[in-house]
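Submitted below is the structure of interest, expressed as structure tokens.
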Amino acid sequence: MNIGFIGLGQLGEPIAGNLMAWCRDHGCHLYVWDPSAEAMARLVKSGARHGHDPASIAQRCTVLLSVLPAPEDVSALALGENGVLDNADGLDIWIELSPFYNARWEQFIDAAPEGLIMVDAPVKGSIEAAEEGTLTVEFEGEAQVFHRYKNLLEAFSIHSTLIKPENPR
């Protein structure tokens, strides 16, 4: 399985590092992307594969996770030039982990290609918790989807909570 990870900031880089260890243990490949060449180099050195841009990650991966600094960044990732939603033909699920409420998430779900599962799953916790893999994840989605990906979430979290969506897709 190919897993993509976009956003290697203060929370994202340690989360991706924990995912890299999980991928090694589970025979998966982790593709990473971030505007920071330094963060990319550190993850690639630890075994991740270089994603050239968000579009290439969306095209080659079946699972995408992202952690971004602001709602505008999520919007640009979803709908911008070379964005995820225009390039998600092989993508099964996008789990958005940014630690804030995104008022536009429903619009992204409406713009998503048919069959793409979109999950808003904000993480809670400190940078140290991200490094230790002890974040909390509030997974807003269906129970069967939550259970399918719970093992993956446990790569970087100690507690995952399932929250039923108000408007399931």
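Within region 62-79, how many residues are of a type in the set (Gly, Ala, Ser), over 17 Å from residue 121 (Cα atoms) and either in contact (Cβ under 8 Å) with a residue 12 or more places away in the chain or in contact with a strand residue (DSSP E or B) (Cβ under 9 Å, 6 or more places away or on another chain) (or both)?
The qualifying residues number 0.
Provide a single number: the residues in region 41-56 that are open to solvent by less than 60 Å² (accessible area, probe 1.4 Å) and either of a type in the set (Ser, Thr, Tyr) or closer than 23 Å to residue 88 by Cβ (or both).
8
In contact with a helix residue (DSSP H, G or I) (Cβ under 9 Å, 6 or more places away or on another chain), over 23 Å from residue 150 (Cα atoms) and buried (at least 18 other Cβ atoms within 10 Å of the Cβ): does that describe residue 14?
no
Just to be sure I understand, how many residues within region 43-59 are in contact with a His (Cβ under 9 Å, 6 or more places away or on another chain) and of a type in the set (Lys, Arg)?
1
Separate question: Condition first: under 13 Å from the mean Cα position of the chain (by Cα) and open to solvent by less than 10 Å² (accessible area, probe 1.4 Å). Can you find one or more residues in region 105-114 that meet it?
No, there is no match, as no residue in region 105-114 is under 13 Å from the mean Cα position of the chain (by Cα) and open to solvent by less than 10 Å² (accessible area, probe 1.4 Å).
Among 96, 142, which is the only one that is within 25 Å of residue 52 (Cα to Cα) and either more than 15 Å from the chain's Cα centre (by Cα) or without any contact (Cβ under 8 Å) to a residue 40 or more places away in the chain (or both)?
96
Output yes when any residue across region 63-81 is in contact with a Gly (Cβ under 8 Å, 6 or more places away or on another chain), closer than 20 Å to residue 15 by Cβ, assigned to a loop (DSSP other than H, G, I, E, B) and open to solvent by 20 Å² or more (accessible area, probe 1.4 Å), and no when none is.
So far as region 63-81 goes, yes, one or more of its residues are in contact with a Gly (Cβ under 8 Å, 6 or more places away or on another chain), closer than 20 Å to residue 15 by Cβ, assigned to a loop (DSSP other than H, G, I, E, B) and open to solvent by 20 Å² or more (accessible area, probe 1.4 Å).
I would also like to ask the following. For region 145-159, does any single residue satisfy the condition of being in contact with a helix residue (DSSP H, G or I) (Cβ under 9 Å, 6 or more places away or on another chain), open to solvent by 40 Å² or more (accessible area, probe 1.4 Å), closer than 16 Å to residue 19 by Cβ and not in a helix (DSSP H, G or I)?
For region 145-159, residues in contact with a helix residue (DSSP H, G or I) (Cβ under 9 Å, 6 or more places away or on another chain), open to solvent by 40 Å² or more (accessible area, probe 1.4 Å), closer than 16 Å to residue 19 by Cβ and not in a helix (DSSP H, G or I): present.
Check residue 86 against each of (1) under 16 Å from residue 74 (Cα atoms); (2) open to solvent by 60 Å² or more (accessible area, probe 1.4 Å); (3) in contact (Cβ under 8 Å) with a residue 60 or more places away in the chain and name the one condition it does not meet.
Failing condition for residue 86: (3).
Is at least one residue of region 30-47 closer than 22 Å to residue 137 by Cα and without any contact (Cβ under 8 Å) to a residue 24 or more places away in the chain?
no
With the structure loaded, tell me whether residue 131 is open to solvent by 60 Å² or more (accessible area, probe 1.4 Å) and closer than 15 Å to residue 98 by Cα or whether it fails that test.
So residue 131 fails the test.
Which condition from (1) within 24 Å of residue 35 (Cα to Cα); (2) in a strand (DSSP E or B); (3) at pLDDT below 95 is the one that residue 162 breaks?
(1)
How about region 25-40: which of its residues are touching a strand residue (DSSP E or B) at 6+ places or on another chain (Cβ under 9 Å) and open to solvent by 40 Å² or more (accessible area, probe 1.4 Å)?
29, 33
The values are calculated or read from the model by the stated rules, or taken from the named source; none is laboratory data. In this text the structure is predicted, and so the values were computed from the model without any measurement. Cβ sites come from the backbone with ideal geometry, for glycine too, and all protein chains shown count toward neighbours. Accessible surface is based on the protein model in full, side chains and every heavy atom, while ligands, DNA and RNA are left aside. Shrake-Rupley method; radii C 1.70, N 1.55, O 1.52, S 1.80 Å.
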